[in-house]
Each structure stands twice: as structure tokens, then as C-alpha cells.
Amino acid sequence: MKNQLYILFFALCFAGCKKDTVTRHDTSGPKLVFVKAKTNGGDIVQNENIYNESGNIKTRISYKDYGAGLVSAKTGYQYQDGRLVQKDDQMDVSSSSFASQYVNSRSVFEYSGNRIIQSNHYLKINDDYELRSFTVFSYDAAGRPVKQTRYSADGALFGYTTYTYEGSNIILSEEYNQRQFDPEPVLTLKCSYQHDNKKNPYRNVYHSIENIPFSVNGNNITATTTVNYNSYPPSTSGLSITSNTTYVYNNLGYPELMNENGNEFVLEYK
């Protein structure tokens, strides 16, 4: 999984909507445990996923150095009656290869029925958690997230992201809209996706409100075309970049080898 996407969504946080009914997050199927980078010196663990007895993600870890036990990012999940109620994030902000300096944040989720309606994002300062932002989700009639709107702690609008779908669970595109010079958010980034017809293991690694589209798609993304509309320098407005990913699949239809722009990763399941 792309680290830049993880960092982006860590910074933005996640959340809510205004509907009542939605299917619980699907935890069936094989669970992705390790993602390992293939190198000349062997396979190096990049990510580890730990699940609870119900099959829900419990801890997600990204390693700076697996052998030395250095963690670059760690997320822990808390559930109540099968519903996600809290997510704690720890991220290394140091530039050192031998030590870590962590920033801790927390997301607390509000529900209407079985659907998350808001996520309140807190940053740990000394021993206290301070509210820094919150995000509200909107859904379509099928229960799919179609918009997330981001606010500062005092309610000022940061921006929003919208999603378009093909079929029941394939995201074709997402558009990031942010405030710049005008009071209303404007389009700054658009990502368009192509997919295979195999099974996506990241639906178990992330809760459905996290890291969209990877947490929502039923299939795997094979190409991402990103168009930058940001008017701030040094950005080049209109610049389009395409990233490609290929897979080798196991006999259950899940990826076991992934090549992302020339970088190879091994996916291991339990």
C-alpha cells in the first residue's frame, strides 16, 4: 500500500454521515498478515496486520526496520459491540534510520445506527488529547461513501473529497477539493482508477471509512492516473501522472505478489 496515501489520510482523519442503515464491515476471507519488500538481500517486512478473534483489524504496523523493531507507523483499534469506536495512531516524524520520535493522535467515532456519522480527530499534547479537526461522511442510497467533508475544530471548512462508482463497490475516481484563495473549496487533485477482476485483501486491513478507495473496492487497482489542479507554486496545474501495478494471484484469487512501478512486494495471508 502506498505510504503517501497512508500519511495523507492520517493527516486528514476520517468520519461520518447522516444515514441510519449500512452493512457491517465484511471481515470474511483470508487475512493479509505481512507485506514484504523483495530485495537482493531477501524479503523485508514492511507492514504487519494483527486481527482480533472476530476477524476485525486490531493493530496495523508499518516498519522502519523490522529486524531492529523500529516502527514508522502504528494504528490500534477499539471496538464495542462489534462497532469501531476509537482508533489510535502513532507516527514517527524523525528522519533517523536508528531512532524514532512519535506523534500520537486519536479518532473517536460517532454513530447513527450501524453507520459512522462523524470522526473527531485529536492530537496528543503532553498527556492530553486536543481536538484538532473532524470529518463528516455522506453516503448514497446503496450505503457507499460518496463524500467526506473536513473541518477544523472550530467548524471552519477545510475541504471535501467526492467519490464516483461503477457497480456496487468499484471506485472509478476521487476528487479532492480544498480551500485556497476563495472561501469555497476548489478542485485541487483528481485520481482515476482502473481495476482487475480479482479479490482485494485491503478490505480487511482497513475499516471501510479508512483509506478509500482501498478499503471499499472489491477488486485491486491496476492503474492510478492523478491530475494536479493545485494553483499554488511550485505545483504545475494540469500535470497528469499514471502509476501502474501488476499482480500474481493465489488459488483463491488474492494477490500474492505485487509490482508497483518496478517495486516488488510479497503478500502473505493466514
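Please treat every number below as a calculation from the coordinates, not as lab data. Quick caveat, the model's predicted, so the values are computed rather than measured. Here the Cβ positions follow ideal geometry from the backbone for every residue, glycine too, while neighbour counts run over all protein chains shown.
For Ser173 and Ser54, compute 0.36 nm times the residue count separating them, minus their Cα-Cα distance, and round to one decimal in nm.
Values: separation 119, 0.36 × 119 = 42.84 nm, distance 3.18 nm.
Between Ser173 and Ser54, full extension yields an extra 39.7 nm.
What is the gain in length, in nm to one decimal, between Tyr249 and Lys270 on full extension, counting 0.36 nm per residue of separation less the C-alpha to C-alpha distance?
Working: separation 21, 0.36 × 21 = 7.56 nm, distance 1.52 nm.
In short, 6.0 nm is gained.
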Item to check | Highest average packing first - 198-204, 61-67, Cβ atoms within 10 Å | outcome: 198-204, 61-67
Checklist outcome for this item: Both in Å, the radius of gyration and Dmax of the C-alpha trace of the range 158-270 are 16.0, 52
Checklist entry - What nm value, rounded to one decimal, do you get for the distance between Tyr79 and Leu131 when each label is placed 7 Å out toward the C-beta? => result 2.8 nm
Item to check | Rotationally averaged projected area of the range 31-173 (alpha carbon convex hull; nm²) | outcome: 12.0 nm²
Checklist outcome for this item: Of the candidate values (i) 52, 44, 42; (ii) 66, 45, 36; (iii) 75, 43, 26, the one computed for Cα extents along the principal axes in Å from this structure is (i)
Next on the checklist: Relative contact order for the chain: what percent, with Cα pairs under 8 Å and sequence separation of 6 or more?
Outcome noted: 17 percent
Checklist outcome for this item: Surpassing 20 Å at the alpha-carbon level, of the pairs Lys31/Lys198; Lys58/Lys87; Lys58/Lys198; Lys38/Lys58, are Lys58/Lys198; Lys38/Lys58
